[in-house]
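Here the structure is laid out as structure tokens; the discussion comes afterwards.
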Amino acid sequence: DAGLRLALATVGCAGGEGKQPLAGVMRIAANALMPSKALDESRTQAGCAYPYCVIDNRGHILEARKEIPAVKGALVVPGQIESSVSLLRNIVQSMESDPTQGNPSSDELLVHYVDGFLNQFRKTAEKS
């Protein structure tokens with residue numbers, strides 16, 4: 001929580017007069033920790049649930065998946081895969097295009113995205 005608060009203050013997005021508008025946060029780290037309290041505070045100040053994304057370059061999410069709180073509009077992907085930035089972009093775009101998704105966990109978002117990709121692959125294979 002302290003790290004997110006410090007980062008937001010450093011770039012001028014912390015609460016108060018003259019704060020900069022915030023479109024989202026992308027964090028690249030060696031862990032998948034989720035600053036749920038600071039994120040909730042910041043989103044309340046911003047007036048929206050902006051996307052919060054973590055690229056976990058160590059794979060901590062694979063060890064601590066059940067311990068990471070499910071936070072609406074927040075997701076974590078392992079950074080070992082080459083396409084992690086593209087993966088995040090596509091998942092965030094799908095979140096924005098369907099606001100009725102509720103409050104899925106990072107795992108659910110990732111599985112839903114991969115499932116959609118696999119369904120397209122199956123349909124293409126069936127046509128061949």
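The values are calculated or read from the model by the stated rules, or taken from the named source; none is laboratory data. The model shown is predicted, which means the values in this text are computed figures rather than measured ones. Backbone-built Cβ (ideal geometry, glycine too); neighbour counts: all protein chains shown. Please note that ligands, DNA and RNA were not included when accessible areas were found on the heavy atoms of the full protein model with its side chains. Shrake-Rupley method; radii C 1.70, N 1.55, O 1.52, S 1.80 Å.
In segment 50-68, how many residues are open to solvent by 60 Å² or more (accessible area, probe 1.4 Å) and within 20 Å of Gly3 (Cα to Cα)?
3
Scan segment 54-65 and report the pairs whose first residue is closer than 12 Å to Ser84 by Cα and touching a residue at least 12 places away in the same chain (Cβ under 8 Å) and whose second residue is of a type in the set (A, V, I, L, M, F, W, C) and open to solvent by 100 Å² or more (accessible area, probe 1.4 Å), with Cβ atoms within less than 7 Å and a gap of 6+ or a chain change.
Going by the 7 Å Cβ cut-off, the qualifying pairs are Ile55/Ile28; Asn57/Ile28.
So is Leu6 at pLDDT 85 or above, assigned to a loop (DSSP other than H, G, I, E, B) and either acidic (Asp, Glu) or open to solvent by 30 Å² or more (accessible area, probe 1.4 Å) (or both) or not?
Criteria not met by Leu6.
Can you tell me which residue is surrounded by the most Cβ atoms within 10 Å (Cβ to Cβ) among those in segment 25-38 that are in contact with a strand residue (DSSP E or B) (Cβ under 7 Å, 6 or more places away or on another chain) and within 14 Å of Ile68 (Cα to Cα)?
Looking at residues that are in contact with a strand residue (DSSP E or B) (Cβ under 7 Å, 6 or more places away or on another chain) and within 14 Å of Ile68 (Cα to Cα), I get Ala32.
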